[in-house]
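In what follows, a structure is listed as structure tokens, so that the remarks can point back to it.
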Amino acid sequence: MQRIQLLPSLILLLTVAAFAEKTPFDLLKLRAPDGFHISVFAEIDAPRMLVFSPGGTLMVSEPDEGGKVVALPDSKHAGKAERVVTVLSGLNEPHGLAFYEGKFYVAENDAVRRYDWDEANLRATNAVKVANLPGGGGHSTRSLLFLDSKMYVSAGSSCNVCIEKDERRAAVLQFNPDGSGQKIFARGLRNAVGLAANPKTDTVWVTVNGRDWLGDDLPPETVYDLTKNGGDAGWPFCYGDRVPDPNFTKAGDHRCESVLRPMVQMQAHSAPLGLAFYPGSIDQRSMFPAEYRNSLFIALHGSWNRSVPTGYKVVRVKLDDKGQPVGGAQDFLTGWLAPGETKKGRWMGRPVGIAFGGDGAMYLSDDAGGVVYRVTWH
């Protein structure tokens, strides 16, 4: 039985704005394990997703700042961007970024476009729309990943919790690189913002933001392995580890028994966004010490309506030699939320996207602080 939702996206956004109270930026307040160093790689308006070009230039999407994609070159390998180059502007909420066979792909709210890429001049030209996506509000960002000659695009739900009219919402779509062959690869994923390829399993893993208004501690935030065949994660009928949502299921409804099981569960309302495996491939250079290899790193954007705020950090999940989680999420980078903070909406920044460079360093975006960080081991 479906209950009418009384919280449109506009009210949600106004509520977030009313609570927001950004504290002054202070890099020294950020904390990492001993031996790690956090520095500012670049300062830009509102960075979201990150990807490295074939030539090693960090590319960043800014969906809320003029619909831009910018490049942050560091040709001298100094550990700091030399300048900010606007590559594209005026796009419709550009978010997910990817390179495939020398072409540059950008996922906007309602489409994926492919560009010719000029590394020498940091230019993207000759836009070609390769796929139409479900547009509109609610969870409006679209993320992008290529794996095994297929393109995967996530589209979040239009609501907090509802039965979608467009089955492409709350799903991960699969395409051929030219946009043909569209199919729903995985459904029941309320808002799968982060997509990453697990180098051990060679499958797509996603972060999922759970529904609101079930209290401070439900439902857990999750990470799923979509496996080779995709599947159904259960939303809106189920949440967490196959738990039926009483708003959408009746006694005797067994549908949740067969949905995908989460690989990782985390504190409710933490808002997991970007995720990245380390190392991301068998040939990627590793800067971090051995104990941090075979790890999954997840950026927690932070809560907006929990009575005691949570998230606002980067966590790490240890993996075994087969790429499977060993234990739960552990804090890796903290400090954007002051220790013991109890006031909602009071933070210094909000982590979003994670990427590892060819140098083995971690690069992390913060859309509220307007910073891209570089995390190194020394």
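The values are calculated or read from the model by the stated rules, or taken from the named source; none is laboratory data. Owing to the predicted nature of the structure, the values given are computational and were not obtained by experimental measurement. Because the Cβ atoms are built from the backbone with ideal geometry, glycine has one as well, and the counts that use them run over all protein chains shown. For accessibility, only protein heavy atoms count, side chains too; no ligands or nucleic acids. Shrake-Rupley method; radii C 1.70, N 1.55, O 1.52, S 1.80 Å.
On a per residue basis, the convex hull of the C-alpha atoms belonging to segment 208-306 measures out at 114 Å³.
Taking the Cα atoms of segment 253-378, the ratio Rg/Rh between the radius of gyration and the Kirkwood radius comes to 1.01.
A Förster radius of 45 Å combined with the Cβ-Cβ distance from residue 52 to residue 254 puts the calculated FRET efficiency at roughly 0.50.
For a protection proxy built on the mean count of beta-carbon atoms within 10 angstrom, sort 163-170, 121-128 highest first, please.
163-170, 121-128
Legend: distances between Cα atoms for 228/322; 29/318; 80/103; 22/344; 313/344; pairs beyond 18 Å are 29/318; 80/103.
Highest mean first, the peptides 305-311, 66-72, 35-41 sorted by other C-beta atoms within 10 Å per residue fall in the order 66-72, 305-311, 35-41. Calculated from the structure at hand, log10 I(q)/I(0) by the Debye sum over Cα atoms at q = 0.06, 0.08, 0.10 Å⁻¹ is found among (i) -0.20, -0.37, -0.59; (ii) -0.23, -0.41, -0.65; (iii) -0.29, -0.51, -0.78 as (i).
With both labels modelled 7 Å from their Cα along Cα-to-Cβ, the residue 341 to residue 216 distance reads 1.7 nm. Using R0 = 25 Å, the C-beta based FRET efficiency linking residue 65 and residue 123 works out to 0.80. Solvent exposure of the chain, expressed per residue, is 42 Å² of accessible area, with all protein chains present and a 1.4 angstrom probe. Over segment 111-159, what is the relative contact order in whole percent, taking alpha-carbon pairs under 8 Å and six or more residues apart? Once divided by the residue count of segment 111-159, the mean separation gives 30 percent.
When the helix-only estimate is applied to the chain (DSSP H runs of n ≥ 4, each -39,500 (n - 2.57), divided by the residue count), what is the mean residue ellipticity at 222 nm, nearest 500 deg cm²/dmol?
Numbers: 1 runs with 11 residues, N = 378.
Counting only the DSSP helices, I get -1000 deg cm²/dmol.
Over all orientations, segment 138-256 has a Cα convex hull whose mean projected area works out to 7.7 square nanometres. Summing Lys and Arg as +1 and Asp and Glu as -1 over all other residues whose Cβ lies under 11 Å from the Cβ of residue 43 gives a net charge of -1.
With the charge dipole of the chain set up from +1 on Lys and Arg Cβ and -1 on Asp and Glu Cβ about the Cα centre, the Cα lying farthest toward the positive end among the listed residues 44, 254, 192 is that of 254.
May I ask you to derive the relative contact order of segment 90-230, considering only C-alpha pairs under 8 Å and at least 6 residues apart, and to give it as an integer percent? It comes to 15 percent, rounded to a whole number. Per-atom-type breakdown for the chain gives carbon and sulfur 49% of the accessible area (1.4 Å probe, protein chains only). Normalised by the number of residues in the chain, the average gap of Cα pairs under 8 Å and 6 or more apart makes the relative contact order 17 percent.
The Cβ shell under 15 Å around residue 80 holds other residues with a net charge of -1, Lys and Arg each +1, Asp and Glu each -1.
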